[in-house]
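Note sheet for the following structure.
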Amino acid sequence: MREVSARKLSKKRPNCKVKIHIDTDPVEGGKFEVVDFVVRHLRVPNWRDYNGCKYAASEVIQLLDDIIVLFRSEKALCHVSPPVTIVGDLNGQFQDLVRILNIKNEKCRVDDAEKPVFSSEKYVFLGNYTENGQYNFETICLLFGARYILLRGHQETFVTHDLYDQIACKFPGKIGDDICQKFKIVFSLMPIAAVVGNKILCVHSGISHEVKRSVDEWKKIPRTEVITRLSSITRDLLFSCPVDDDGVGADSDDPIFFISSANEYIKTFNEAAVTVFCEKTNIELIVRSHDAPPKGFRFFADKQLITIFSATTYNKKDNIAAFLRVDEEGVVSIVQMRPTEVTAMKPDDKKRKKSGETGKKSAKPGKKAKETPKKGSKEKTSDSKDNSKESKEENDGKKKKPTSKPSKELDSIYDNETDD
């Protein structure tokens with residue numbers, strides 16, 4: 001996977017076949033063109049001087065109305081066939097979203113090679129699109145316009161104050177309130193889970209003990225915007241988390257779902273609960289987000305579950321982000337992103353960090369995982385000494401041997417870096 005810097009994202013793609021006509025200032029009441037709307041977000045001439053997109057209220061309302069119709073026609077559980085990219089929490093990090101959408105998959109089909117990434121690849125996003133990011137509104141509008149599979153996160157159980165403030169700033173008065181109400185409806189209609197290739201389960205946060213035989217039971221789950229009316233399964237998928245190493249039931253061989261004394265909506269589940277869930281539903285890998293591991297990802301339950309987080313510099317920390325690639329054969333690879341000069345930029349900062357994306361090339365399907373990376377495997381990192389040292393430490397880490405061998409389609413994930 002090649003490195004992509006933030007500077008390259010503002011350049012026009014010479015082979016782009018999509019006809020583009022973009023007004024610098026959208027006209028109120030003008031015709032809404034979704035392709036123009038999406039590309040307007042992706043074409044950023046200078047990130048340092050970027051001050052957000054300009055919108056006409058009419059186009060935002062039209063976009064939200066279209067998404068409401070689309071979500072109402074879908075089930076609470078989505079199915080998608082690979083190849084697909086799975087993205088974790090973004091938390092309003094618009095620059096990171098644009099980076100992800102501009103990273104071309106080197107294994108893409110030849111007939112898609114000249115198309116822009118956003119139009120030729122499938123994505124599943126795991127929720128939490130807005131929080132304390134500077135461009136919450138731009139982030140969610142770009143995702144709605146691109147029409148990807150967008151799962152509901154715990155942030156989508158309400159309109160956050162940060163998103164509301166940005167809407168009120170862009171659209172003062174009643175029109176802003178109307179747009180907020182439409183966002184509430186859209187959030188309530190979002191699907192709560194997705195299955196990739198019948199073997200990989202994507203959720204925002206956790207699993208539920210209420211499943212009987214198959215996750216397809218979730219298709220009929222009712223959706224609502226009021227958190228107190230959410231079904232118990234929906235609350236589990238949006239709020240439950242893997243137990244900490246010293247948490248209740250962490251060492252137990254029996255499946256345990258523990259209800260938090262501080263919040264009745266939050267449960268923790270142990271490794272045994274994950275194993276039983278996977279055996280019962282015939283799921284081989286669970287992908288979640290909700291938490292922010294320092295390296296962008298973390299394994300749990302003998303690598304039957306992985307947490308990914310796709311926003312760099314979260315809470316002003318220079319954390320690494322990550323997302324997953326699932327190829328046509330079901331082979332899973334981890335792609336890491338380091339903070340760029342833009343995402344790491346703070347008002348008083350004078351020093352800027354140089355960084356890019358680091359992709360881990362997966363092993364061939366069916367090949368047994370080794371404790372050390374294969375010689376000759378393709379890997380690119382930034383030139384900094386810190387990054388080289390970190391990469392060496394990660395590659396020298398010991399692997400946990402799973403208690404039960406996964407299917408060939410998922411072998412490659414065991415050749416990636418060890419978790420924290």
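Details
- Segment 213-253: equivalent-ellipsoid semi-axes (sqrt of 5 x gyration tensor eigenvalues, Cα, Å): 26, 15, 6
- Over 31 Å between alpha carbons, listed pairs K122/K219; K54/K317; K170/K199; K170/K295; K54/K220; K75/K295: K170/K199; K170/K295; K54/K220; K75/K295
- Relative contact order of segment 163-322, defined on C-alpha pairs under 8 angstrom at six or more residues apart (%): 18
- Antiparallel %, DSSP beta bridges [both residues in segment 211-330], to 5: 60
- Rg/Rg_ref, segment 189-326, where Rg_ref = 2.2 N^0.38 Å and atoms are Cα: 1.04
- DSSP-loop trypsin sites (Lys or Arg not before Pro) across segment 185-246, with at most 16 other Cβ within 10 angstrom: K212, R213
- Here Y129, Y148, Y314, Y50 are placed in order of increasing Cβ neighbour count within 10 Å, fewest first, which gives Y50, Y148, Y314, Y129.
- Global form of segment 39-86, assessed from the alpha-carbon gyration tensor, a/c cut-off 1.5: oblate
Throughout, read-outs are computed from the coordinates displayed, never taken from laboratory work. Predicted model, so just to flag it, every value in this text is computed and none were measured. No Cβ is skipped: glycine too gets one built from the backbone with ideal geometry, and neighbour counts run over all protein chains shown.
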